[in-house]
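K.L.:
What follows is a single structure, and I will ask about it in a moment.
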Amino acid sequence: MSEAVVDGGAVRLRPWTDADIEDRARACDDPEIARYLPDLASPHTTDDARRWIAEGAPATWQAGGAAWAVVDPATDRLLGGASMLPVGPSRNHAAIGYWTAPWARRQGVAVAAARAVADWALRERGCVRLELLTAATNAASQRVALAAGFTREGVRRGAGTDRSGAQTDLTAFVRLAADSGDRVAPGLPDFPGGQLTDGRVVLRRLTLADADDVYALQSLPEVAKTNLGGPITPEHLRYRCERAESEWLAGARADCAILDAATGAFAGDIGLFYQEPFTRQALIGYGLRPEFRGRGMATSAARLISDWALEQAGIIRVCAGTFPYNEASRNVLRRAGFEQEAYLKAKLPGRDGGRIDDIQFVRIAEQYR
Ligand SMILES: CC(C)(COP(=O)(O)OP(=O)(O)OC[C@H]1O[C@@H](n2cnc3c(N)ncnc32)[C@H](O)[C@@H]1OP(=O)(O)O)[C@@H](O)C(=O)NCCC(=O)NCCS
C-alpha cells in the first residue's frame, strides 16, 4: 500500500523519514510513553528509532495498516506518531493508536491526529468500525478518544500486557462509520476549575496519591461497615484511586477526596455513584477521619457534591442511604438539604452476607421540589 500524506488541519500525517530519527528517539524516551505503550523499547535510543523507521513502519504499511509521523504542517517538526492496523478477519475493522512528543502535549495534537487517522480510515479504507484501546487508567488518552468522536464501549479485563508482562485492563472506545464523529461528552462533567469548595472543605477527584489515605480511612471499623463496594485491600483501593478519572469520564462514579480547606489535609472521601443514568438518579456515600468529625465537614461535602450533581451534571435525584442505627449520618443529610423519603427493608447487602434496612434520603433538582 502506498504511504499516504494526510492533512489533519493543525497536524499533518506523513511517512517517517531518517530526518525524524533524533526527535523520535527523544520523544519516545519518556515515562508516559514507556508506561502506556509497552511495545516500544524503553529506554528508547536512536538505534530503536532508526530500526522503526527502516523496518517497523514499512512493515505496518505492508500488513495493510498505516504508520505516520505526526508533524507541524508549517515547520515539518515531529509532534508525535499515529497508526492504524486492521483487526479481526474482516478487513474493514481497524484499531488506531497515537502518542504525542512531550514537547507538543496539551495542544490538541493527539485529538487532531486521532481524528485525521479515523477520517482517513473510514474514507480511504472503507472501514466501518474503528477501535481505540487505552489502558483503563489512561484518562488523558480516554479524553482524546471522546474528543475524536469515539464512544466508550467497556472494559476488556486482562486484555493488555504491561512492561513486566502482567495482564492489564483496557478500556475500549469505538467509532462506527455511521457515527457523527462529533466530540462525545464525558459521562460526568469535570468540577469547574477542578474542585468544589465552600471555604470549609475542598472536594477534588481522587488520584493515585490518595491511595494510602483512602485505605486508612476505609479500614476504620465504623467506615468499613458502611462501605458496600469492593474489597477493602490496599490493592483494590489503589486501583480505584488510579481509575477515578476514567470512571468519572465513563459516568459511573465521581470519587472525591474531602480536604480541610484551611490546611489541605485529607479529611475523608465522598463518592457519587451514578447508578441510574436513565432515570437520572445517583447515590452518594461518604466517610470522615475521626479527627475531622463534628466540624460540619461531611455536611459541606454532601451539599457541595449534590449541588454539583443537580445543577451541573443533569442529575434529578441524589439519594443517600443510612443504616437504621446511623443518626449522625441522617443529621448530616438533613443539614445538607436532603429529606427522608423511604424506609426500605433489607435493601442493602451487609458485609457479613446478611441484609440491612436502609433509611433513604433524597435531594431533588430545584424545578421538581
Ligand atoms: C495521551 C496523549 C496522546 C495525549 O496527547 P496530547 O497531544 O497532549 O492530547 P491533546 O492535547 O490532544 O488533549 C486531548 C485531551 O486530553 C486531555 N489531556 C491531555 N493530557 C492529559 C493529562 N495528562 N491528564 C488528563 N487529561 C489530559 C486534554 O485536556 C484534552 O481534553 P479535552 O479535549 O477534553 O480538553 C499523550 O499524553 C501521550 O503521548 N501519552 C503517552 C502515550 C499514550 O498514552 N498514547 C495513547 C495510548 S492509547
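K.L.:
With no solvent and one point on each alpha carbon, what is the Debye value of log10 I(q)/I(0) for the chain at q = 0.06, 0.09, 0.15 Å⁻¹?
P.N.:
-0.29, -0.61, -1.22
K.L.:
From the convex hull of the Cα coordinates of segment 243-369, what is the mean projected area in square nanometres?
P.N.:
Orientation-averaged projected area of the Cα hull: 8.7 nm².
K.L.:
OK, next. Between ARG91 and ALA328, what is 0.36 nm times their sequence separation minus the Cα-Cα distance? Round to one decimal in nm.
P.N.:
Additional length available on full extension: 79.3 nm.
K.L.:
Return the tail of the calculated pair distribution for segment 6-176, meaning the percent of Cα-Cα pairs more than 18 Å apart.
P.N.:
Considering segment 6-176, 59 percent of its Cα-Cα pairs are separated by more than 18 Å.
K.L.:
Moving to a separate point now. Go ahead and estimate [θ] at 222 nm for the chain from helices alone: -39,500 (n - 2.57) per DSSP H run with n ≥ 4, summed, over the residue count, rounded to 500.
P.N.:
Helix-only estimate at 222 nm: -8000 deg cm²/dmol.
K.L.:
Neighbouring Cβ atoms within 10 Å as the yardstick, rank ASP30, ASP20, ASP7 fewest first.
P.N.:
ASP7, ASP30, ASP20
K.L.:
In addition: Pairing the Cα long axis of helix 297-312 with the longest principal axis of the chain, what angle in degrees results, from 0 to 90 and rounded to the nearest 10?
P.N.:
That helix lies at roughly 50 degrees to the long axis.
K.L.:
Taking the chain as a Gaussian network, Cα atoms linked when under 10 Å apart, which of GLY56, GLY88, GLY337 shows the biggest mean-square fluctuation?
P.N.:
Looking only at GLY56, GLY88, GLY337, the largest GNM fluctuation is found for GLY88.
K.L.:
Moving on to the next point. By count of other Cβ within 10 Å, fewest leading, how are ARG105, ARG363, ARG123 ordered?
P.N.:
In order of increasing Cβ crowding within 10 Å: ARG123, ARG105, ARG363.
K.L.:
Let me ask you something else. Give the relative contact order (percent, whole number) for segment 6-176; include only Cα pairs under 8 Å separated by 6+ residues.
P.N.:
19 percent
K.L.:
Moving on to the next point. Between ASP162 and ARG35, with labels modelled 7 Å along Cα→Cβ, what's the label distance in nm to one decimal, could you check?
P.N.:
The modelled label-to-label distance comes out at 1.0 nm.
K.L.:
May I ask you to derive the FRET efficiency for ALA216 and ALA365 from their Cβ-Cβ distance with R0 = 41 Å, giving the value to the nearest 0.05?
P.N.:
Once rounded, the FRET efficiency stands at 0.70.
K.L.:
A follow-up question, please. With r as the distance between the Cβ atoms of ASP190 and ASP357 and R0 = 45 Å, compute the FRET efficiency 1/(1 + (r/R0)^6) and round to 0.05.
P.N.:
0.80
K.L.:
Using per-residue counts of other Cβ atoms within 10 Å, averaged over each peptide, order 162-168, 270-276, 37-43 from highest down.
P.N.:
Output ranking for 162-168, 270-276, 37-43: 270-276, 37-43, 162-168.
K.L.:
Can you compute the charge dipole magnitude of the chain about its Cα centre, using +1 on each Lys and Arg Cβ and -1 on each Asp and Glu Cβ, nothing else charged? Give it in debye, rounded to the nearest 20.
P.N.:
980 debye
Laboratory data are not the source of any read-out in this text; all were calculated from the coordinates shown. This structure is a prediction, so every number in the text was calculated from the model and none was measured. Virtual Cβ from ideal backbone geometry, glycine too; neighbours counted across all protein chains shown.
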